[in-house]
Structure formats: C-alpha cells, structure tokens
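See structure below.
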2 protein chains.
Amino acid sequence: MSLPQLLMLPGPSNVPARVYAAMCKPMINHRGAEFHDLFERMTTNGKKIFKTEGDLIALTASGTGGVECAASNVLLPGEKVLVPVCGTFGERLASNFRTFGANVVELNVGMGRAPAAAQVEEALRKDREIKAVAVIYNETSTGTTVRELPAIGAAAKDHGALFIVDAISVLGGDDLPVDKWGIDVCITASQKCLAAPPGVALVSVSKDAWKMIERGKPRSEYFNLLSYRQFAEKKETPFTPAVSLFFALDEAFQMILEYGVDAWIARHKKAAAAYYAAFKGMGLTFFADEGSRSNVVIAINMPPKISAKEMRDRLRKKYGVVVAGGFGSLKDSIFRVGNMGIVTPREVITTVSATEAALSELGFTGVTGEGLRAAIPVLRDF
Amino acid sequence: MSLPQLLMLPGPSNVPARVYAAMCKPMINHRGAEFHDLFERMTTNGKKIFKTEGDLIALTASGTGGVECAASNVLLPGEKVLVPVCGTFGERLASNFRTFGANVVELNVGMGRAPAAAQVEEALRKDREIKAVAVIYNETSTGTTVRELPAIGAAAKDHGALFIVDAISVLGGDDLPVDKWGIDVCITASQKCLAAPPGVALVSVSKDAWKMIERGKPRSEYFNLLSYRQFAEKKETPFTPAVSLFFALDEAFQMILEYGVDAWIARHKKAAAAYYAAFKGMGLTFFADEGSRSNVVIAINMPPKISAKEMRDRLRKKYGVVVAGGFGSLKDSIFRVGNMGIVTPREVITTVSATEAALSELGFTGVTGEGLRAAIPVLRDF
C-alpha cells in the first residue's frame, strides 16, 4: 500500500473526484433508454471538444485500440500511407498499418524532432500513390508536438490524401480544431488531457474518411467502424461498452465544457511554459528541439551522474509525485513529466519543488530553489 | 433520470457496492509497483475461478474483443474450425473466425437446442482437416447451455483439434473447470457472472494453444496474445489497461473466492431451478429444449396476445426490474431473465413477482401468485 500519489505521468492522469463519482453511477442496460441519453450527450459533447461536425465513435479499448481501428478500416491492403516517425508511437502507428496490410512509407524525422510540412510535401511529391498521411501529433516518448500540423493537413488535402492524426496524448491539452485543420480521422483516449480513467478510445470520422471506409470488407469485427455507425443510429454500440467508463468520460466532458474547451487548453499551455522555465532555471536541458516542444509531455534530459531510477523512486516514495522515465533506449537518459488534464499552478509547483529536492538529495549541484524561482513569474497570470 | 433499477439482464449484471468502491481507488501508474501487485493478484485469483494452470490474459475490451483475440491468434488463414451454431452468438463466433481468414465449418444445431457430442464427433469424423472446435458454452440469445461440453472437448482432443470455448455469459455461473474439461482457450467477460462492470475480457490459454499461436504472424496488435504474454512477465499489459475496471474485477474476484467458487456457481443453479419452477408455475413455457436450459439466462416464450415491449416497459418503469427481449427474429416472441453474479432468493422473488404482476396487469390469465408459490419450495434450501 502507498499513500495517495500525484500522477504527473504522460497518462493515466489524475482523475477528478466528480469523475470518480460519476463512474459509480448504478449500472444500466446498454440497450435501454438511460444508455441512449448517455450516448447522445457524450457524443454531442465530445464533438464540441474535438471541434468536429463529423462522427465521433467511442470504443471500449485503450488508445492503441483506436489506432488499430483506424488502421484496419481506412486503407485497403497494399495502399500506401505516409507515416512520419520520430519516436516509439510513430513506430507503433507504422506497425499498426503494416499489420493490416498497408504499404507504409516511413518518413524518418529523428528522435526529439517533429516532421515539418516541407518534408511531408516532398515525400508526397515523390510518390503520387500515397492515399493517406498519418501523423502522431504529440510524440509522448520524446515530448515533441508537430507544430506544422495544419500545413501538413493542407499538403495531404492538396495531394488528395486522407489525413489521419493520432492525438491520443494531446487532445484537450493543445490546439486541435479537427475540422478546421482538415483532419479526417482523429484518435484520442480517455486517460490523458480529458482527465478520465483509461479504457475508452475516441475516433472522429469525416465524410471523406467514410468514403474510404465503405470500400473495404471489415478486417476486424470489434473495430468495424461501419458497425459502430449503424448502431449509433439507435444511440448504441455494437458490443457491450464499458458503461462505467462512459459515465466517467461523460462527466469529464461536461467538466471541460463548463470550463470552456479553449480555456482548458490554455491552462495546459500556461503550465507548460512554467515547467519549461522551471527546469531550465534549474540548469536542466530538454530532449526535444525548441520549436517542437510539447505542452503536455515535458521530456527532460537527466543530469550527468544521477540515476534516473533513483530520482523517480525518490520522487514517488518520499514526495508522492509520480513521473515517467524514457521509452526503450531513452529509459535512463530522460525523465518525462505529464501535464495533462487537471492542470493548476499547484501541480506545477509541487512537481518542480519535488524534483529540485530529489535531485538535490541525490547530489545534483543545480541551485535548489532556482526552478521554483523561474516558474513563479510565468505562473503570475495563470 | 430514473430510480435505481434491478438489472435482471443477461449482462451487464448488478454490481456490488464493494466492487464500485474498489473501482474508485485512486488512479495508479500502469507501469509501476502498485499495478504489478494488482496484476499479479488479479491473474492468480482469476486462474482459480477459471480452474486453470494455464495463462490468463486480461484485455481492455468487451467479450467480443476476447473472441476476436482468439480468432485472430490461434488459426492460420485457411485452417478449418468447426463451430456449432444455435443462436446469435454462435453466428458471431463463426463470423469472427471468418474475418480472420479461417475456413469455418458450421454445424447448424437449431435455435433453442445445444450441440450434442455425437454431432461434433460425426462432423470431426467427416473432416480430418479440422484444427479447432469452437463452442459457445452458453448461447445468451436463446438461453441454452451445452451440457455435453466435456464430451465435446474429449472429441476435439481425440481428433487432435484445439478446443476453444466462448464462456462470456456463463463463467462463474455454471460448472466450467477449464483444465479438467480440456479447454485450450476459454473466453469470458467482466460484466456477467463475475459481477463487475463491463470492459474487461479474459482469455485463458493452454500450452497447446500457445503452440498454435506461436506459428503465425500477428493479425492484430491490440489483441496480439504474444505481446500480452511478454508483458505479463513484468506484470504489465502491452497497452494502457482500464485500470479502474481492473480494480473492480480484482475486488469481484476476491469476493467470489471468499464465497468459494463452487458455492458461487451453486447459487446460480439453485436460483435457476427456482426461476424455471416459477415461470412454469405461471403457465409459461421456455424457448430452450429441456435438456439444454441455461442456469444463467432464462428464455421465456411470451404468452399469446401480450406485447413483449409493453411487458418489459411496465417491469422497468413501474417495478424497477429490467429484463431483456429477444435478439433479431426473437425480439418480441421471448423475454430473457439474466441470473448472473449477485444471485440471492431476493432477486428471484422480486423478478418473479414483478413479472406476475406486470403480466396480470396486461391481461394475462395465468393465475397470479402461482409463480411465487412454485418458487418458494425450490428456494427452501438456498
């Protein structure tokens, strides 16, 4: 057993009490009137957060299930998809498409960087057969965000390619007006910036995407979008959904809309600015290129001679603050702070102070207190 | 809004308060020590309920996701699987295998019946190429249970075929010793006889099943059993699991083990006997053949001239008791009472009395009170 922890992870994020309470509403029939009301409200509100007039499908699955849903529905076997890769989740996206027979054209961007629109345009110019461009908006493994996403979308459209965006870790935490940016399929998950528990993936589908989807025979039944569209007409899902998680996500959506979607996003940006100022103030450096740094995952290089594992353990056990290490080869060379969902100055100063204290105890010679000192002015107009 | 309801559905079933409470434990890191403890305890306890020494994999998905997992992992494209079909879920099982390229040999048993071992043996004799036998143990759509399941398993083994059992609606509610009955892959879901909310599918995997699985390249990443096995070594799942639902299911498993697995199953049998006596006492008839009647889903023929929808609406709105209609062509000709999870004499007498009252109000001339009168002696030694 352990005392309550502050989860400063790139997901799952901290769940508000009102969301927990909603999750415990008494179980209902997923084929009955109460579920129909829930389904309708959740879908309508979710579309406001996605900023889309398209369809929004909720799947009982983690975010990767949402990606598999896109990969198994949109392209026919052998069709080409361009996937920029700059980290673990880009690799996973490419791999998901390959599993369902797509011909994946990888655009290797390099770890810590984000694809530029010019790179995508060039790749599209070289290969007229590309039918879709699939991009990780926020690469959680390295803390980068694709700042040129709208221009990449425009390039895809010019080329006549479908634009698929994996926004699992970022929707709700940074700008992402799905329709305005021409995104045909946008995927996110419940446990990141939407502040609900994990287990629901959300997939938006545009008219153009439906045209592609209608061409093929289903390669998955569980993720068959045409079934979900058919059942959505009666406000149901084809298979028993995770009703309790739908209750939770429905409440989280209401909370975000009460706050205002743009204000909710703005909090993430303000908190991110404070984190970057604080860690820089402590003399630490960031893994991501300056122009591509994420507002929802801060990836910080470990200072020399300090064990990443020891620091994380100390943060968790002594200070009750849970941060993440790196993925794969970055396991011990970076640590990652999630800035998702419940984002207030309290989370920022707690995480910054605890990190300073833990590093100091482990012999880091950065000046203790400098991180907090650097964060305070940035937090002034939160 | 509606007042609390008694869910007498074939899933989701009523969730005990202690399971709701566990579901709201504070969120944890799914890559941390607390999750490892949860994973280990839940897996160990789950195996006791499955009565298997094999592996047990928990998926964030509904039961159909578990079926898709089996269908996409076990057989190579073109390999033959024998699937007895006697209802909607049998059809779905066959369809799932087809989607992943299997050559499905359907054994049409007829609605309301259950496959006999002799039928399976004959089908296997006729076709030496069959590599697997996949059976719905409890056909939820018609209220039948395969009473000759052990003999069917033995026939599959004699033939050298893998034995796959979809026990989604029944595991925990009727006899199903997985290893003893030679079941290689057994699938269930959280929201039926295990008394947890929906959203987790469980799949047991025998050594022989692993040998089959190891032959193929993955046709799904989300449902790739080899990934789940690999991550299980460090007590984790490959993708972010529905942590809150894992907490809930873990608590439900503990509850069932405190009660005793066999005693938990026995309650379902005793309650089922009371239901069958009660509805028969009311002059109603059952959809399923007498020898194949399910202990967890009681499928009752609607009496003539009474609208199934009106009866269900009255039960729900006036009496707060939610029962299910039929599937597809049976929609208005049967109603189904779930007998799953929290099963006490209280659920039985409430459901029986409410049904009698509702039918009486709708003009049914069966003698009111006769159902309860028939149930009472059967409930005596509950």
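If we scan the stretch B:16-30, do we find a residue that is closer than 25 Å to A:A201 by Cα, free of Cβ contacts under 8 Å to residues at least 40 places away in the same chain and either part of a helix (DSSP H, G or I) or out of contact with any Ser or Thr (no Cβ under 7 Å at 6 or more places or on another chain) (or both)?
Yes, because at least one residue in the stretch B:16-30 is closer than 25 Å to A:A201 by Cα, free of Cβ contacts under 8 Å to residues at least 40 places away in the same chain and either part of a helix (DSSP H, G or I) or out of contact with any Ser or Thr (no Cβ under 7 Å at 6 or more places or on another chain) (or both).
If you go through the stretch A:338-382, how many residues are surrounded by fewer than 19 Cβ atoms within 10 Å (Cβ to Cβ) and under 23 Å from A:G325 (Cβ atoms)?
The number of residues fulfilling the criteria is 12.
Anything in the stretch B:164-176 that is within 9 Å of the chain's Cα centre (by Cα), closer than 18 Å to B:K48 by Cβ and not β-branched (V, I, T)? List them, or say none.
Hits for the stretch B:164-176 are B:A167, B:L171, B:G172, B:G173.
Does the stretch B:72-85 contain at least one residue that is among the charged types (D, E, K, R) and more than 23 Å from B:G173 (Cα to Cα)?
Taking the stretch B:72-85 as the starting set, the residues that turn out to be among the charged types (D, E, K, R) are B:79-80.
Checking the rest, the ones that are also more than 23 Å from B:G173 (Cα to Cα) come to B:79-80.
Yes: one or more hits.
Condition (residue is touching a Pro at 6+ places or on another chain (Cβ under 9 Å) and either of a type in the set (V, I, T) or more than 14 Å from every other protein chain (Cβ to nearest Cβ) (or both)) applied to the stretch A:190-209: is it met by at least one residue?
Checked against the condition, which is being touching a Pro at 6+ places or on another chain (Cβ under 9 Å) and either of a type in the set (V, I, T) or more than 14 Å from every other protein chain (Cβ to nearest Cβ) (or both), the stretch A:190-209 yields at least one hit.
For the stretch A:321-336, does any single residue satisfy the condition of being away from chain B (no Cβ under 12 Å), part of a helix (DSSP H, G or I) and more than 30 Å from A:R92 (Cα to Cα)?
No: the stretch A:321-336 contains no residue that is away from chain B (no Cβ under 12 Å), part of a helix (DSSP H, G or I) and more than 30 Å from A:R92 (Cα to Cα).
Does the stretch A:61-80 hold any residues that are more than 9 Å from chain B (Cβ to nearest Cβ) and of a type in the set (A, V, I, L, M, F, W, C), and which are they?
A:A70, A:V74, A:L75, A:L76, listed by residue number.
Only one residue in A:K280, A:K309 is of a type in the set (D, E, K, R), in a helix (DSSP H, G or I) and within 18 Å of A:E370 (Cα to Cα). Which one?
A:K280
Suppose we filter the stretch B:177-203 for residues that are under 11 Å from the mean Cα position of the chain (by Cα) and assigned to a loop (DSSP other than H, G, I, E, B); how many remain?
Selection size over the stretch B:177-203: 5.
Residue by residue through the stretch B:217-239, note down the ones that are at pLDDT below 95 and within 8 Å of chain A (Cβ to nearest Cβ). Show your work before the answer.
Taking the stretch B:217-239 first, the residues at pLDDT below 95 are B:217-219.
If the condition is that a residue be at pLDDT below 95 and within 8 Å of chain A (Cβ to nearest Cβ), then B:P218, B:R219 are the ones that fit.
Under 9 Å between Cβ atoms, at least 6 apart or on separate chains: pull out the pairs that start in the stretch B:108-122 with a residue that is at positive phi and end on any residue that is in a helix (DSSP H, G or I) and buried (at least 21 other Cβ atoms within 10 Å of the Cβ).
Listed pairs, sorted by first residue: B:G112/B:S292.
Does at least one position in the stretch B:31-47 carry a residue that is outside any helix (DSSP H, G or I) and either among the aliphatic types (A, V, I, L, M) or within 12 Å of chain A (Cβ to nearest Cβ) (or both)?
yes
Looking at the stretch B:1-21 only, could you name the residues that are more than 23 Å from the chain's Cα centre (by Cα) and more than 7 Å from chain A (Cβ to nearest Cβ)?
Listed by number, the residues that qualify are B:M1, B:L3, B:A21.
Determine whether the stretch A:51-60 contains at least one residue that is free of Cβ contacts under 8 Å to residues at least 60 places away in the same chain, touching a Phe, Trp or Tyr at 6+ places or on another chain (Cβ under 8 Å) and facing chain B (nearest Cβ under 10 Å). Talk me through it step by step, then tell me what you get.
Our first condition is that a residue be free of Cβ contacts under 8 Å to residues at least 60 places away in the same chain; within the stretch A:51-60, this holds for none.
No, every residue in the stretch A:51-60 fails to be free of Cβ contacts under 8 Å to residues at least 60 places away in the same chain, touching a Phe, Trp or Tyr at 6+ places or on another chain (Cβ under 8 Å) and facing chain B (nearest Cβ under 10 Å).
Please specify each residue of the stretch A:41-99 satisfying the condition of being surrounded by fewer than 24 Cβ atoms within 10 Å (Cβ to Cβ), more than 15 Å from the chain's Cα centre (by Cα) and farther than 30 Å from A:F247 by Cα.
Scanning the stretch A:41-99 gives A:L76, A:P77, A:G78, A:E79, A:K80, A:V85, A:E91, A:A94, A:S95, A:R98, A:T99.
For the stretch B:340-365, which residues satisfy the criterion of being polar (S, T, N, Q), part of a helix (DSSP H, G or I) and over 18 Å from B:P377 (Cα atoms)?
B:T355, B:S360
Quick one: would you say A:E91 is at pLDDT 95 or above, within 14 Å of chain B (Cβ to nearest Cβ) and out of contact with any Ser or Thr (no Cβ under 7 Å at 6 or more places or on another chain)?
So A:E91 passes the test.
Which ones in the stretch B:267-299 are in contact with a Gly (Cβ under 9 Å, 6 or more places away or on another chain) and either of a type in the set (F, W, Y) or free of Cβ contacts under 8 Å to residues at least 40 places away in the same chain (or both)?
Hits for the stretch B:267-299 are B:F279, B:F286, B:F287.
Does B:S333 fit the bill of being among the small types (G, A, S), farther than 25 Å from A:P238 by Cα, assigned by TED's automatic domain parsing to the domain that holds B:A277 and surrounded by fewer than 18 Cβ atoms within 10 Å (Cβ to Cβ)?
Against the criterion (among the small types (G, A, S), farther than 25 Å from A:P238 by Cα, assigned by TED's automatic domain parsing to the domain that holds B:A277 and surrounded by fewer than 18 Cβ atoms within 10 Å (Cβ to Cβ)), B:S333 does not qualify.
Scan the stretch B:177-209 for residues that are closer than 21 Å to B:A114 by Cα, buried (at least 24 other Cβ atoms within 10 Å of the Cβ) and not charged (D, E, K, R) and jot them down.
B:V178, B:I183, B:V185, B:C186, B:I187, B:T188, B:C193, listed by residue number.
Could you check the stretch A:117-132 and list, in sequence order, the residues that are within 22 Å of A:G291 (Cα to Cα) and not small (G, A, S)?
A:Q119, A:V120, A:E121, A:E122
Please work out which one of (1) surrounded by fewer than 21 Cβ atoms within 10 Å (Cβ to Cβ); (2) of a type outside the set (K, R); (3) part of a helix (DSSP H, G or I) is the condition A:P218 fails and give its number.
All conditions are met except number (3).
Given the structure, is B:V322 buried (at least 17 other Cβ atoms within 10 Å of the Cβ), farther than 13 Å from B:M282 by Cα and assigned by TED's automatic domain parsing to the domain that holds B:A288?
yes
The values are calculated or read from the model by the stated rules, or taken from the named source; none is laboratory data. Nothing here was measured: the structure is a model prediction, and the numbers come from that model. All Cβ positions, glycine included, derive from the backbone under ideal geometry; neighbour counts span all protein chains shown.
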